[in-house]
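Undergrad: Got a structure here, written out as structure tokens. Questions coming.
The values are calculated or read from the model by the stated rules, or taken from the named source; none is laboratory data. In this text, all values refer to a predicted model and were calculated from it rather than measured experimentally. Counting neighbours? That spans all protein chains shown, and the Cβs are built from the backbone with ideal geometry, glycine included. In case anyone asks, the SASA skips ligands and DNA or RNA and just uses the protein heavy atoms, side chains included. Shrake-Rupley method; radii C 1.70, N 1.55, O 1.52, S 1.80 Å.
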Number of protein chains: 2
Amino acid sequence: MALGKDYANQHCSIARALEVVGERWTLLVVRDAFYGVRRYNDFLVHLGAPRAVLAARLQSLVDVGVLDKRRYQEAPPRDEYVLTERGIRLWPVLRALGLWGREALPGTLPMRSFHHVACGTELAPAGDCPACGLAVPPADIEMRPGAGLDPDPADPVSRALLKPRRLLVPLELPPSESRRV
Amino acid sequence: MALGKDYANQHCSIARALEVVGERWTLLVVRDAFYGVRRYNDFLVHLGAPRAVLAARLQSLVDVGVLDKRRYQEAPPRDEYVLTERGIRLWPVLRALGLWGREALPGTLPMRSFHHVACGTELAPAGDCPACGLAVPPADIEMRPGAGLDPDPADPVSRALLKPRRLLVPLELPPSESRRV
DNA sequence: CCTGGTAGGTTCGTTCACTGAACCTTGACT
DNA sequence: AGTCAAGGTTCAGTGAACGAACCTACCAGG
């Protein structure tokens with residue numbers, strides 16, 4: 001958000017958090033990372049953000065320790081962006097935002113639902129499993145598509161996200177798909 | 001965020017929520033509303049946002065039904081901005097952000113803690129009361145200042161927020177205080 | 001009647017960030 | 001040598017945020 005001076009003297013944890021993840025696109029990048037997106041180009045086609053902005057956001061998320069940039073291939077050199085422990089702790093924020101967007105805003109069909117991978121039960125609003133009575137970490141959550149999703153999206157990342165998927169599992173696009181940008 | 005086209009075709013509840021509350025200052029306005037701030041000038045001195053931006057944010061929050069603008073005095077005409085039911089449902093978002101800002105970001109002293117007003121117990125991360133085993137609505141939460149707060153802030157709103165306060169209770173500033181802007 | 005003060009804004013010029021398009025680099029493949 | 005893909009950077013144009021000044025309505029004191 002490039003705020004610095006104004007938010008800095010707010011003496012407030014909420015303001016501090018917003019300094020880090022409050023800029024445009026930032027939380028959507030983190031959301032995609034939970035959905036398994038790891039590569040620059042996949043973020044790009046899924047978000048539709050300008051390349052320069054995406055590069056800046058990825059860099060700043062790495063700088064604050066939310067994402068880790070790591071080499072996954074040497075020739076040609078390719079990096080991927082993976083959520084750190086600190087980034088994974090942002091899940092309750094995304095969860096709360098998504099819940100509010102779905103329930104408090106009018107005329108929204110449910111886009112995705114989140115289930116405990118061990119038992120299939122849909123998670124309670126607080127993020128725990130009603131059946132097991134346990135707090136469910138993001139790695140044990142399965143995302144399932146809902147009625148509000150576009151059934152035939154244009155970009156390959158959205159198409160891959162139409163299938164039920166466990167959070168944080170890297171998204172692997174079929175080679176034929178990655179060509180359609 | 002004036003995004004419209006880009007976020008709009010994201011088919012995602014998180015993106016929809018961010019369209020509404022994702023702009024700079026917006027969530028801090030909502031936070032202040034939870035703390036009892038209701039008047040334009042109080043938001044202004046506490047946030048330090050430009051007047052034009054604050055006016056635009058308040059108006060857009062009224063437009064989307066998060067705040068209600070209502071006349072509380074006729075002569076001279078004075079309006080106050082109060083959280084609606086829809087706005088109050090944003091509490092889990094602020095809670096999650098504040099928790100992350102405090103626990104995941106380094107070097108932060110706790111600024112405020114939140115307690116169940118019925119028993120005084122500090123709330124669990126999910127927002128429930130560990131002693132009573134109940135989900136606690138914002139109206140039953142008491143905010144208490146923590147070690148990270150500036151003990152002698154410049155503006156009267158920050159000074160008023162140094163005392164333990166129940167959420168959503170309107171902030172009444174002593175007349176002598178409101179003069180020091 | 002004149003001045004001053006307060007609440008709640010609007011207007012305006014400057015600065016800064018976002019946008020979209022084009023371009024660049026590295027390495028693999030043919 | 002030419003082409004392709006990934007992952008960027010650069011750049012001009014636009015829109016939003018910023019800070020200061022100004023405006024309006026009302027009341028109080030001298």
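Undergrad: Tell me, what is the Rg over Rh of the protein assembly as shown, with Rh the Kirkwood radius over Cα pairs?
TA: 0.98
Undergrad: For a test of understanding, tell me how many lysine pairs in the protein assembly as shown have Cα atoms under 30 Å apart, given they are 8 or more places apart or on different chains.
TA: Pairs that pass both the separation and distance tests number 8.
Undergrad: In addition: Distance in nm between label sites at B:Leu109 and B:Tyr40, each 7 Å beyond Cα in the beta-carbon direction?
TA: 3.6 nm
Undergrad: Right, something else. Mind ordering A:143-149, A:11-17, A:49-55 by average Cβ neighbours within 10 Å, highest first?
TA: For the peptides A:143-149, A:11-17, A:49-55, the packing ranking is A:11-17, A:143-149, A:49-55.
Undergrad: Between A:Arg78 and A:Ala52, what FRET efficiency comes out of the Förster formula 1/(1 + (r/R0)^6) with R0 = 25 Å and r the beta carbon distance, rounded to 0.05?
TA: 0.80
Undergrad: Find the all-direction average of the projected area of the Cα convex hull for segment A:25-178, expressing the result in square nanometres with one decimal place.
TA: 9.9 nm²
Undergrad: Let me ask something else about it. At 1.4 Å probe size, with the rest of the protein present, what percent of the exposed accessible area of chain A is carbon and sulfur atoms?
TA: Taking all protein chains in place, chain A shows 53 percent carbon and sulfur surface.
Undergrad: Also, quick follow-up: With an 8 Å Cα cut-off and a minimum separation of 6 or more residues, compute the relative contact order for segment B:42-107 in percent.
TA: Once normalised by length, the contact order is 19 percent.
Undergrad: Then there's this: Calculate the FRET efficiency for B:Leu162 and B:Ala124 from the Cβ-Cβ distance with a Förster distance of 30 Å, rounded to the nearest 0.05.
TA: 0.75
Undergrad: With the crude spin-label approximation of a point 7 Å out along Cα→Cβ, what separation in nm comes out for B:Lys69 versus A:Arg144?
TA: 4.4 nm
Undergrad: Would you tell me the mean number of C-beta atoms belonging to other protein chains that fall within 10 Å of each C-beta in B:17-28, as a whole number?
TA: Mean number of neighbouring Cβ atoms from other chains: 6.
Undergrad: With a 1.4 Å probe and every protein chain left in place, work out the accessible area per residue of the protein assembly as shown in Å², rounded to a whole number.
TA: Per-residue accessible area for the protein assembly as shown comes out at 46 Å².
Undergrad: Across peptide A:84-95, how many C-beta atoms of other chains are within 10 Å of each residue C-beta, on average?
TA: Mean number of neighbouring Cβ atoms from other chains: 4.
Undergrad: Another question about this same structure. Roughly what would the spin-label model give for A:Val62 and B:Asp152, points 7 Å off Cα along C-beta, in nm?
TA: 4.5 nm
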